[in-house]
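The values are calculated or read from the model by the stated rules, or taken from the named source; none is laboratory data. Predicted, not measured: the structure shown is a model, and the values here were computed from it. With ideal geometry, Cβ positions are generated from the backbone for all residues, glycine too; neighbour counts draw on all protein chains shown. Accessible surface is based on the protein model in full, side chains and every heavy atom, while ligands, DNA and RNA are left aside. Shrake-Rupley method; radii C 1.70, N 1.55, O 1.52, S 1.80 Å.
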Amino acid sequence: MNSFYQKYHSYYRDSLGLALPVVLSQVGHTLVQLSDTIIVGQFAGTNALAGVSLSISTFLVPLAIGLGISYGITPLIAQHNGRKNFAECGRLLSNSLILNILTSFVLFAAVYTVMSLFITHLDQSPAVVAQAKPFLFLLSLSMVPLMIFDAFKQFAQGLGFTKQAMYITIVGNVLNILVGIILVKGMFGITPMGIRGVGYSTLVDRCLMAIAMGIYVFRSPAFKKYLTEFALKNVHWQRMKQLLKIGMPVALQATFELSAFGGASILIGTIGSIPQAAHQIAISLASMTYMMASGISSAAAVRSGNYFGAGKHRELRLSAISNYHIVIVFMCITALIFTICNQWLPWIYTTDRNVIAIAAQLLVVAAFFQLFDGTQVVGLGILRGMGDVNKPTIITFISYWIIGLPVAYLLGIHLKIGVTGVWYGLVCGLAASSIMLFLRFQSISKKQQIVIVNDLKI
């Protein structure tokens, strides 16, 4: 056991040092939705809580596309930094920023013109739809500053600078909670805004975060050598194609997964508003642990990119395996917490005993898929850092849309097991993704080691 630990301990330390700030920063995206859910559940009622669930479920696909495209810069930055090609990093940032802004406007227009109309035809409660529509509009508008923030964040993250985004995210989320409570409840003479209040607080929060992250990148001496070629004149279609070559498959990967979860929420909405509210509570808690695992995945992508760019394939494999170990331990702990505290955690969101009873059952199911959820997202990060994005995209499609969602419909709706049946289907999709992605990593990693051995013989 000691020799095993000695083999990986330096990689554990390196991975955790890079991952922890990323974890806290990634959690920030979920904390916005978590705080919105808690505030609405406590101060606006069950229908409003179900409206948050419906809005977020509808918004998941555009959000996945946007964040996926913004992630395209990270492995490229890591690889160029590994090759000491600093000037290209600035050129990539120029292109990423413009690409993200254009993407955010397209996604906002898509949500506003299509999703706001489509949402009325999903066989949902009219009272829930009435609550959801204004919140969905403000949520989609906040996509613009979020994409600007992510351009700077992913650039810094690709270079291994992760703490500042963490600090900005923490402050931003505190602000989001305070402003959200004031607007929803109607304090200091303000007319209570209900669900619209958390929409406005999210928009303000993301605008300030984008400004703060941009100031940090442009004013920090640490980035000076990387920004020498940051300029509009370096915005070219060829570089945007580079970003999209990685970003679009990443966007599709996230889209296939999140849209499956969004589809599951819509399926649950046809069962009733109480199961839908319970689903929102359980999925927001599971999303929190997922985003923590996603932070480990992002760090794994950076280190994989560094080692891949430098041609250090043995170090790449050891670093990747260490990240698998870290996420397995972490997700086992969170699974244990969900199981032990399943009766207590839902009280954070609501006092509706019917909602709490169902949410408690779902948290036990969530405990089972924690392990698969963590290992599949780390597998995606490792492969992304190596530039392998196309086949993992196919894997995610098969896992969630050929396996996960159909099984969810079969168990939950057709066999009338209900909301827990839908969640069992999601577990099947996560398990399939986790196993296939690990096998993909094993295949590529072993091929690289064979190449190294053959090169040494020569």
Report summary line: Checked segment 288-309 for anything surrounded by fewer than 24 Cβ atoms within 10 Å (Cβ to Cβ), among the hydroxyl-bearing types (S, T, Y) and over 11 Å from V23 (Cβ atoms); matches are Y307
Report summary line: Among (1) under 23 Å from the mean Cα position of the chain (by Cα); (2) open to solvent by less than 50 Å² (accessible area, probe 1.4 Å); (3) free of Cβ contacts under 8 Å to residues at least 60 places away in the same chain, V204 falls short only on (2)
Report summary line: D388 fails exactly one of (1) modelled with pLDDT of 90 or more; (2) closer than 24 Å to P249 by Cα, namely (1)
Query raised in the report: Pick from F43, F4: which is open to solvent by 50 Å² or more (accessible area, probe 1.4 Å), more than 25 Å from A251 (Cα to Cα), in contact with a Lys or Arg (Cβ under 7 Å, 6 or more places away or on another chain) and at pLDDT below 80?
Result: F43
Requested in this report: Under 6 Å between Cβ atoms, at least 6 apart or on separate chains: pull out the pairs that start in segment 162-184 with a residue that is closer than 21 Å to I296 by Cα and end on any residue that is of a type in the set (A, V, I, L, M) and open to solvent by less than 10 Å² (accessible area, probe 1.4 Å).
Outcome: T162/V22; I168/M213
Report summary line: Scanning segment 71-90 residue by residue, the ones that are assigned to a loop (DSSP other than H, G, I, E, B), more than 24 Å from the chain's Cα centre (by Cα) and crowded, with 20+ Cβ neighbours inside 10 Å total 0
Query raised in the report: Which pairs have Cβ atoms under 8 Å, sit 6 or more apart or on different chains, and link a residue in segment 73-98 that is without any contact (Cβ under 8 Å) to a residue 60 or more places away in the chain and farther than 15 Å from V389 by Cβ to one that is open to solvent by less than 30 Å² (accessible area, probe 1.4 Å) and assigned to a helix (DSSP H, G or I)?
Result: L97/A151; L97/F152
Query raised in the report: In this structure, does I358 turn out to be at pLDDT 85 or above, more than 19 Å from P21 (Cβ to Cβ) and either open to solvent by less than 30 Å² (accessible area, probe 1.4 Å) or not polar (S, T, N, Q) (or both)?
Result: yes
**Report entry** Checklist (1) closer than 16 Å to L92 by Cβ; (2) modelled with pLDDT of 80 or more; (3) open to solvent by less than 90 Å² (accessible area, probe 1.4 Å) applied to K225, failing item
**Finding:** (3)
Report task. Those residues that are closer than 14 Å to L430 by Cβ and either basic (K, R) or crowded, with 19+ Cβ neighbours inside 10 Å (or both), I need them from segment 375-402; list them, please. Result -> T375, Q376, V377, V378, G379, L380, I395, T396, S399, Y400
Query raised in the report: Among M209, M248, which is part of a helix (DSSP H, G or I), touching a residue at least 12 places away in the same chain (Cβ under 8 Å), closer than 24 Å to L97 by Cα and open to solvent by less than 60 Å² (accessible area, probe 1.4 Å)?
Result: M209
Requested in this report: Considering only segment 241-286, state which residues are closer than 25 Å to F155 by Cβ and of a type outside the set (A, V, I, L, M, F, W, C).
Outcome: K241, Q242, K245, G247, P249, Q253, T255, E257
Requested in this report: Looking only at segment 320-338, decide whether some residue is open to solvent by 20 Å² or more (accessible area, probe 1.4 Å), modelled with pLDDT under 90, in a helix (DSSP H, G or I) and among the polar types (S, T, N, Q).
Outcome: no
**Report entry** Test set (1) among the hydrophobic types (A, V, I, L, M, F, W, C); (2) farther than 17 Å from Q79 by Cβ; (3) touching a Ser or Thr at 6+ places or on another chain (Cβ under 8 Å); (4) in contact (Cβ under 8 Å) with a residue 60 or more places away in the chain - M331 fails condition number
**Finding:** (4)
**Report entry** Complete set of residues in segment 161-191 that are of a type outside the set (A, V, I, L, M) and either buried (at least 17 other Cβ atoms within 10 Å of the Cβ) or in a helix (DSSP H, G or I) (or both)
**Finding:** F161, T162, K163, Q164, Y167, T169, G172, N173, N176, G180, K185
